[in-house]
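The values are calculated or read from the model by the stated rules, or taken from the named source; none is laboratory data. Given the structure is predicted, the values throughout are model-derived calculations rather than measurements. Cβ atoms come from the backbone with ideal geometry, glycine included; neighbour counts cover every protein chain shown. Quick note on the areas: whole protein, heavy atoms, side chains included, nothing else; ligands and nucleic acids left out. Shrake-Rupley method; radii C 1.70, N 1.55, O 1.52, S 1.80 Å.
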Amino acid sequence: MTDLDTRPAVDWLALGAVIVTVVSWASAFVAIRGVGESFGAGPLALGRLLIGSFALGAIVLVKRRWVKPNRTQWLQIISIGVFWFGIYNVSLNAAEQRVDAGTTSMIIQIGPILVALFAGLLLGEGFPRWLVIGAGIAFAGAVMVGVVTAVTTTSTTKTDADFLGIALCLVSAVTYAIGVLSQKPVLRTIPGLQVTWMACTIGAVCTLPFAPALLDDLATASTGATGGLIYLGLVPTALAFSTWAYALTRMNAGKLGITTYAVPPITITLAWLLLGEVPHYLAVVGGVICLVGVGLSRRK
């Protein structure tokens, strides 16, 4: 038997799941921009989470696999729902009313570094040299994106130049990091699909105060905008989180996490093709610097 015969076959199903996840999450940034004129930030988050919760709940019901969380796990799942699904979605939607889809997706990629920094601070995992170097570089890139975006007014932005959009992007990155840190321990014993559905439902409950505004927006939204809302709930939320969980059971978690770095270039391409949005070239440079910092932070 040759060495070629002993090589493991490519897991095409897992690879397909990864591709679906990354493309779906990239498309979410574009879809949010596309429907932003029809739905407010809060109502859009509520509508997306309600649709995602119903879809994920149906899958959980079919699979009939349920593990009863203990008190600590409930607190962790509530944290995921409040921060990652609730606050994250509202702040992301608000950010994309001021910042183009491509730039937003690049800034959000600071999230993995924040996870590592918070883990070092709160979980006692320390601060490796490359983590500190990478964090500094990524922060510099984020500042560059913020400055360029704040002093540049283009036809793709809805508001006057200010730092609010960038600040909202950073809020999204921070709440994403909090959600991941809360999710990490609970996934050791609770199925990923169950955790995702519970967190999505909790996020929907948190955004219920926007229900009257959602009804008002639905009454005036175009068919295309309503379709975009449904798409956000079914594809980037329900489908993408399900394919992510599937891939995670068949691939190394570290290698799988790296695939999210493909989101910004896909987002920029989709935004250019579908929305005619092209970020300022200096913002793209700043985004690349962010990604370089993220990459360096993962060195051993």
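The HN-Hα couplings worked out from phi for region 184-198 by the Karplus form 6.51 cos²θ - 1.76 cosθ + 1.60 (θ = phi - 60°) are 3, x, 6, 6, 5, 10, 9, x, x, 5, 5, 4, 4, 5, 4 Hz, whole numbers, x standing for Gly and Pro. With the convex hull drawn over the C-alpha atoms of region 202-248, the volume per residue is 59 Å³. Per-residue 3J(HN,Hα) values for region 58-71, derived from phi via the Karplus relation 6.51 cos²θ - 1.76 cosθ + 1.60 with θ = phi - 60°, read 5, 5, 4, 5, 5, 6, 6, 10, 9, 10, 6, x, 8, 4 Hz in sequence order (x marks Gly and Pro).
Taking the square roots of five times each eigenvalue of the Cα gyration tensor of region 173-226, the equivalent ellipsoid has semi-axes of 31, 12, 11 Å, listed largest first. For the peptides 226-232, 275-281, 175-181, 90-96, residues were scored by their other Cβ atoms within 10 Å and the scores averaged per peptide; the highest-first order is 90-96, 175-181, 226-232, 275-281. Considering every alpha-carbon pair of region 28-99, the percent of pairs per 5 Å bin, from zero through the bin containing the longest distance, is 3, 15, 19, 20, 17, 12, 8, 5, 1. The calculated P(r) of region 23-70, using every Cα pair and 10 Å bins from 0, goes 21, 38, 26, 15, 0 in percent.
Our coupling estimate for region 218-223, obtained by passing each phi through the Karplus curve with A = 6.51, B = -1.76, C = 1.60 and θ = phi - 60°, is 5, 5, 10, 6, 6, 4 Hz, Gly and Pro reported as x. The 1.4 Å probe gives accessible areas that order Val292, Val186, largest first, as Val292, Val186. Estimated at the nearest 10 Å², the accessible area of Lys63 is 130 Å² with a 1.4 Å probe.
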